[in-house]
Amino acid sequence: MASKEKIRLAVLASGSGTNLQSIIDQCQQGQLDADIALVVSNNPGAEALERAEKADINTLCINHRDFESREKFDHAVVAALQEVKADLVVLAGFMRIISDVFLQAFPQRIINIHPALLPSFPGLHVQQKALDYGAKFSGCTVHFVDGGVDTGPVIAQSVVPVFSDDSEETLSARILKQEHKIYPQVIQWFSEGRITVTDRQVTIDESQKTDSSLTNPPLTTLR
Ligand code: GRF
């Protein structure tokens with residue numbers, strides 16, 4: 001049987017790169033019909049670059065500080081991604097806002113993961129914000145990137161409980177565990193051509209429905 005055509009990923013990361021690692025691992029285990037063509041970071045010290053090099057993946061550091069505008073930086077990133085013929089751009093802890101230059105070069109082909117249940121808590125330090133708010137659930141969201149900050153159409157979300165004795169670290173770790181599952185899954189759906197976007201509505205062809213509900217804290221007297 002002929003092997004499936006693989007899509008080419010470009011992963012952009014500024015920090016520790018644990019999401020990148022989960023994508024690398026799933027690719028290596030043959031779970032994804034995808035190859036990572038390039039890892040780009042704006043941060044020369046990003047651990048993500050080391051993770052990619054260890055896995056023999058091409059890396060590129062494009063330091064945003066070397067550019068006088070966001071657009072000029074984005075032009076350089078876009079040129080690099082076009083050069084490797086990226087089919088999908090995966091933002092994995094990429095701490096730069098994407099300009100129109102970038103969006104127009106990869107329409108509906110840039111995805112991001114955010115450690116909260118959007119539209120709640122967009123922006124930064126959102127695990128702490130969920131704790132401060134007293135939310136009983138938080139989670140993570142994979143979404144298409146549009147011109148706003150964490151505003152694009154939602155592709156998938158995973159929910160985790162928030163406990164009263166959680167710290168930012170314990171909640172972040174619980175959320176991150178789910179991030180490492182849903183991000184590769186969304187990439188695989190993309191590679192299978194199963195993701196359709198109509199306005200803000202994203203559907204995954206042939207996905208199952210579940211109506212199971214979660215309550216935190218769990219009910220004790222009522223069922
Ligand atoms: C994750 O929490 C992700 O949701 C957010 O940035 C963090 C990146 O973590 N966008 P890592 O670099 O993948 O470990």
Between the range 47-75 and the range 114-166, the alpha-carbon center distance in angstrom = 26 Å
query = For the residue pair ALA55 and GLU192, what label-to-label distance in nm results when each label sits 7 Å from Cα along the Cα-to-beta-carbon direction?
reply = 2.0 nm
ask   = In Å, what Rg and Dmax follow from the Cα atoms of the range 7-202?
value = 16.2, 49
note = Here the FRET efficiency for PHE67 versus GLN104, based on Cβ atoms and R0 = 22 Å and rounded to 0.05, is 0.75
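If each residue of separation counts as 0.36 nm, what is the full-extension length gain between GLU168 and HIS125 once their alpha-carbon separation is subtracted?
Here the segment from GLU168 to HIS125 would lengthen by 14.6 nm.
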query = Scanning the chain for GluC sites (Glu not before Pro) in DSSP loops with at most 14 other Cβ atoms within 10 Å, what's the longest stretch left with none?
reply = 69-191
query = With every protein chain left in place, what is the accessible area per residue of the chain in square angstrom, probe 1.4 Å?
reply = 56 Å²
ask   = How much accessible area does SER69 have with a 1.4 Å probe, in Å² rounded to the nearest 10?
value = 40 Å²
message = What is the percent carbon and sulfur in the accessible area of the chain, measuring with a 1.4 Å probe over the protein chains and ignoring ligands?
response = 49 percent
ask   = How big is the accessible area of ASP35 in square angstrom, nearest 10, if you roll a 1.4 angstrom probe over the protein chains?
value = 80 Å²
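The values are calculated or read from the model by the stated rules, or taken from the named source; none is laboratory data. Keep in mind the model is a prediction, meaning the values are calculated, not measured. Ideal geometry is used to build each Cβ from the backbone, glycine not excepted, and the neighbour counts take in all protein chains shown. Accessible surface is based on the protein model in full, side chains and every heavy atom, while ligands, DNA and RNA are left aside. Shrake-Rupley method; radii C 1.70, N 1.55, O 1.52, S 1.80 Å.
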